[in-house]
Amino acid sequence: MTCDEARRHWNLYHDSEGDAELHFRIGEHLATCPDCARWFDQESRLEHLIAEKLRSGPETPELWDRVLTECGIVRRPRSPRHLMVLVGVAACAASLLLAWWGPGWFGPRTAGSDLAVLTASWHERLVDGREPVPFRSHSDLEVERYLRSRVSFPVRCPPRRDAGFTVQGTGACELANQPAAFLVGHVDEQPVSIFVLPREGLEAFPHQRDAIRREGTHRCRQGPYEMAASVIDRNVVIVVGRAGPAQILRVLDAYGSYHEAHSSERGRPLIRLDRDEIVDETGRGKLAVRPSQRPLRRRGIALGDSPRPTRADWLTGHAATVPRGV
Amino acid sequence: MSAALPRERTKPENFLRHLEPLRGALESYCRRSLHDPGAVGDVLQAAVANAFRDFHRYVEGTNFRAWIFRYLNSEIRNANRRAGRTPRTLDSRSELPVEETWQLAPDGPLAEALRDDPEAVLDRCDEAVAEAVRALPAQEQSVLMLRAVGEFTYREMAEILGIPLGTVMTCLSRGRLRLRQRLLDYGREHGLLRPPDEDQAGCE
């Protein structure tokens, strides 16, 4: 290849176009011709600088915003004036709604925290492992001993095992700045948590307070979780989990009873919320049940030694008990 | 554990994903190629709107860069035609005869000076380069800009412009040649380039 031939094909060589044979032959020539090698190098550098100059100039974001908006590819940003008008209209609408329905429309739920939401959230985090369980044990006594050393309010827990609850651990927490304790365990392989607060703590949760006053035992569903809450002794107890409603109630009802032998085992005082007084040693609120004083018989079998019937038994029609008159 | 399936993108999202990395090149190409600098926004908008309208025809995995540049090039050609300002031909001094381009290479002492120190001219001739590009014949201008800004291959440029591959090669070669000639003229007019022997004489 001559120098003229090589330089004639500089464009193809520089742009990496043309066939491999041509590139090979030019390469061979450049290896033997320093003048052409220098000429190729200088031409390529000049071309590179010219291309850079033609490419120069940053993109203009405002221009592209306008182009893309006008083309309908991105949404038009609202002007501050437009936003102010929207805010004004929304404020007027909200005022009208408030005036129409009155301040009581929202009910007691907005007046304070929602215990159901908080406990469901805690339960979920405990199950997911996002919240650690500080003390793990399968022993009722060890769990109670641990809790009593950690919380500032009286607790009686966990429920006895024949209620179906297998305790696995416990810890202290706060619910809307109220001191609380939790117990984690299982009911029929389903994780269930029990939250215990001092009775006074219920004032921070007006919705649940009113509901428990009304219903004695307040049952609800929070997301996928079944819940039951009640005041037992000097505690507010909330049972949360995916177990069935009857199982949840059974666990709640068994709170404070002991499966293991315990020196403090004794009857629980019943607190009548509507009168705020202790009325008996078993049960709670309007749904409280009391075992009859005489030996219980079911299908002719003496039940004197059988466990006390629970609220769940009563609600499901299996309780051989006499409901307390309210 | 199975990986979550990616969410299916909407048409605007998908279009923007392709467009985003090309915005600078599209804008530069548009600015350099339009005779009316004030029309950049309108031309870009028309090109992007048409491309977005036809985006369902674009086959994923093919060359989106070449695809959208075709729309832009078409809009630029229309805009230049509407403006009634067909590309000017160079004046007689820069007019080059249509011959084999390699024979027209601006060689000589000044060309050598330009190759030796191109920054001496290029750093001072932004507007002159822009004007020289605008003054090129339409096809030469398009090919030169597509190569410089879009770094397209000859075949891609042929597809974008709808011209034969040989025409692309000729236009690119001539365009580069004219641009170099304009730089030489500018350098000489402004005293930026001196033949190497003059430099040596000056030193002596």
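If you take the beta carbon distance between A:Glu174 and A:Arg221 as r and set R0 to 25 Å, what does 1/(1 + (r/R0)^6) give as a FRET efficiency, to the nearest 0.05?
For A:Glu174 and A:Arg221, the calculated efficiency is 0.55.
Sorted by packing (mean other beta-carbon atoms within 10 Å per residue), highest first, where do A:211-218, B:27-34, B:154-161 land?
Peptide ranking by packing, descending: B:27-34, B:154-161, A:211-218.
So, in nm, how far is label B:Ala138 from label A:Phe24 when the simple model puts each one 7 Å beyond its Cα toward the Cβ?
Distance between label points: 4.2 nm.
In whole Hz and in residue order, list the ³J(HN,Hα) couplings for region B:43-53 that follow from phi through the Karplus curve 6.51 cos²θ - 1.76 cosθ + 1.60, θ = phi - 60°; x for Gly and Pro.
5, 4, 4, 5, 5, 5, 5, 5, 5, 5, 4
Grab the alpha carbons of region B:140-199, take their convex hull, and tell me the volume per residue in Å³.
Measuring per residue, one finds 91 Å³ for the Cα hull of region B:140-199.
Provide the per-residue ³J(HN,Hα) series for region A:170-181, in order, calculated from phi with Karplus coefficients 6.51, -1.76, 1.60 and θ = phi - 60°, each as a whole number of Hz, with x at glycine and proline positions.
7, x, 9, 8, 10, 10, 6, 6, 9, x, 8, 10
On average, how many beta carbons from a partner chain sit within 10 Å of the beta carbon of a residue in B:115-126?
3
Compute the label zone of A:Ser139 within region A:159-184: residues whose backbone N is under 20 Å from the point 7 Å along Cα-to-Cβ.
A:159-162, A:165-172, A:182-184
Find how many whole Å separate the alpha carbon centroid of region B:6-57 from the alpha carbon centroid of region B:149-170.
Using only Cα atoms, the two centres lie 20 Å from each other.
Please list, in chain and number order, the residues 5+ apart from A:Gly169 or on another chain whose amide H is under 5 Å from its amide H, with Hs placed from the backbone.
Those qualifying (amide H under 5 Å, at least 5 residues apart or on another chain) are A:Ser137, A:Val184.
From the phi of every residue in region B:114-121, what ³J(HN,Hα) in whole Hz does the Karplus formula 6.51 cos²θ - 1.76 cosθ + 1.60 yield, where θ is phi - 60° and glycine or proline is x?
Working through the residues one at a time gives 5, 5, 5, 9, x, 4, 4, 9 Hz.
What accessible area, summed over both chains, is buried at the B-A interface (1.4 Å probe, Å², nearest 100)?
Summing both chains' loss of accessible area gives about 3800 Å².
R0 = 30 Å: FRET efficiency of A:Asp35 with B:Asn63, Cβ-based, nearest 0.05?
In this case the efficiency is close to 0.15.
What FRET efficiency comes out for the pair A:Cys3/A:Arg75, r = Cβ-Cβ distance, R0 = 60 Å, nearest 0.05?
Computed FRET efficiency for A:Cys3 and A:Arg75: 0.50.
Spin-label point model (7 Å from Cα, Cβ direction): what's the B:Glu13 to B:Glu189 distance in nm?
5.3
The values are calculated or read from the model by the stated rules, or taken from the named source; none is laboratory data. Quantities reported herein were computed from a predicted structural model and do not represent experimental measurements. With ideal geometry, Cβ positions are generated from the backbone for all residues, glycine too; neighbour counts draw on all protein chains shown. These area figures cover heavy atoms from the full protein model, side chains too; ligands, DNA and RNA do not enter into them. Shrake-Rupley method; radii C 1.70, N 1.55, O 1.52, S 1.80 Å.
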